[in-house]
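One structure is given below, encoded as structure tokens.
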Amino acid sequence: MEIAFHGKRALVTGASQGIGREIVKQLVKCGAKVVAVSRNKNLLESLKAEVPSVEIIVVDLSNWAETEKALKNVGPVDLLVNNAGLAILEPIGQIPQESVDRIFDINVKAVINVTQIVAKGLIARKAPGAIVNISSQASKVGLQDHAAYCASKGAVDAFTRVAALELGPHNIRVNTVNPTVILTDMGKLGWSDAAKAGPMLEKIPLKRFGEVHEVVDAILYLLSDKASLVNGVSLLTDGGYVAVSSKMNISFVGKQALVTGAASGIGKEITQRLVQCNAKVIAVDINPELLNSLKREIPTVTPLALDLSKWENVNNLNLLELGHVDLLVNCAGVCFEEKITEITERNVDRQFDVNTKLIINLTRKVASDLISRNVPGSIVNISSQASMAGIVLQSVYCATKGAVDAFTRAAALELGPYGIRVNSVNPTIIMTEMGRRAWSDPVKSAPMLAKIPLGRFGKVEEVADAVIYLLSDRASLINGACLPVDGGFLAN
């Protein structure tokens, strides 16, 4: 797809380095005359030395009046890229007014101001034009310590849509490009630490950060006539980050979750999803080797190797030391298949200790802390279709899960007045590694599959999606529910 801007004049802000500098160079290669705007005189002059045809304007775009003065006689502009931007990372509760003002002056007000200046000129000349505002994936999902920055980019997206609406009748298109982390020199410096980069890369399906040219290519497309019917669009250049991280637009920024049975299977998937949704996670499991493996995969988790089926181990948990828990997923579980005539006391005790008593005790512990802090919370217990339907050789397991559902309803009744919601998810057979081993034999699986209207077993991500939903504010009026994730098994 060949793009040319011969006879066009472009203005690029934040043009002296990084993405902006590359935009300037590529626009010139495509035949455009370019006005490069930045507050850094030295870097602009080095750009001028590299690309002699470029016109440079030195101005601090955060100063509205000075910007108007500097661009008053800029001449005809056909293409505008509002690239200048600023990020200051601070947690909510520690954000000073100066940071908010500085971020919004550059990221929002400068975009509005420069867009107005260029749009007025285009309308006066009755000339078509294209404007691209550089936004961010941060406009679509919450990012830890980015509250003011996220708000500013959300404002950019909203302004872009309105500008597209108002300027469209004048044949002026306005769009945004919303990148993930981009490996500029500054990006490489900021994200070279594997411990920091790992959790972010885990959220990107393509498993890599973006290159400068990939953002520039998207901008050139939107500026060109190849995008002649594209207007008011936010074009994500994020490797799929938002598609994963904002499922149902759920974010747990500022929340900490505790997940039991977290090192494998459903628990591991839930842990990964919680991290993708910006929660801090305490991952509890009885298997230290699997926990170490989980920690290597997701460096941000706090691993805790502990057998919580022992009542005293729950009592000894120091939630102040671990960090307070806002979200609890009771996922640990065991199942022993035995004929009713051959049930042993040992297996009864073990299944009730893990499947039921652990849930009761840990819910008590976390709920007490939530109530003492006077904060809302959400608890999801992993139950089973076995709580509502008899399954051969699983009589004790069925009993433990029936107890879980009954406890869930009682806990929802008692804890609801404190703003603590308690629900259960009741899956069918799920294709974890253990599930695949147990149900790979068609002779065994066929009768069970025949009872499931959808004709298949479940995937771990399907259970995790239900859990994440119930934990989130999207389920704010759901309390005491037992949600079957069973393909219709219980309806049959």
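Each reported figure results from applying straightforward, stated rules to the coordinates on display, with no laboratory input. Predicted model only: the values in this text are computed from it and were never measured. As a convention, Cβ positions derive from the backbone with ideal geometry for all residues, glycine included, and neighbour counts pool all protein chains shown.
Straight-line reach from K207: which aspartates and glutamates have a Cα under 18 Å away, not including same-chain ones fewer than 8 places off? Answer for K207, where 18 Å is the Cα cut-off: D193, D238, E269, E297, listed by chain and number.
Legend: distances between Cα atoms for K339/K451; K109/K255; K153/K365; K41/K140; pairs beyond 30 Å are K109/K255; K153/K365; K41/K140. Descending by average beta-carbon neighbour count within 10 Å, the peptides 470-479, 423-432 line up as 423-432, 470-479, the highest first. Sorting the segments 454-462, 176-184 by their mean number of nearby beta carbons within 10 angstrom, highest to lowest, gives 176-184, 454-462. In the structure shown, the pairs K196/K310; K25/K196; K48/K69; K33/K72; K48/K126; K295/K444 are assessed against 28 Å; a Cα-Cα span above that value is assigned to K196/K310; K25/K196; K48/K126; K295/K444.
Near N178: Cβ cut-off under 9 Å, other residues only, Lys/Arg at +1 and Asp/Glu at -1. The net charge is 0. The Cβ shell under 13 Å around N347 holds other residues with a net charge of -3, Lys and Arg each +1, Asp and Glu each -1. Using the Kirkwood radius built from alpha carbon pairs, what does the Stokes-Einstein equation give as D for region 9-245 at 37 °C and 0.692 mPa s, in µm² per second? Reported coefficient: 182 µm²/s.
Look at L71, L201 and count the other Cβ atoms within 10 Å of each Cβ; fewest to most, that gives L201, L71. Three semi-axes describe the equivalent ellipsoid of region 111-267; taken as square roots of 5 times the Cα gyration tensor eigenvalues and ordered largest first, they are 35, 17, 14 Å. Stretching the chain fully between K69 and I112 yields a gain of 14.0 nm (0.36 nm per residue, less the alpha carbon separation). Remark: C-alpha extents of region 304-404 on the principal axes read 48, 25, 17 Å, sorted largest to smallest. Once both labels are positioned 7 Å from their Cα atoms along Cα-to-Cβ, the gap between E50 and K295 label points is 4.3 nm. Annotation: average projected area of region 247-491 is 13.1 square nanometres, based on the convex hull of Cα atoms across all directions.
Kirkwood radius for the chain, taken over all pairs of different Cα atoms as the inverse mean of 1/r, rounds to 25.5 Å. For the chain, adding -39500 (n - 2.57) for each run of n ≥ 4 DSSP H residues and dividing by the number of residues yields -13000 deg cm²/dmol at 222 nm. A Förster radius of 51 Å, combined with the Cβ-Cβ distance separating R125 from H213, puts the computed FRET efficiency at roughly 0.95.
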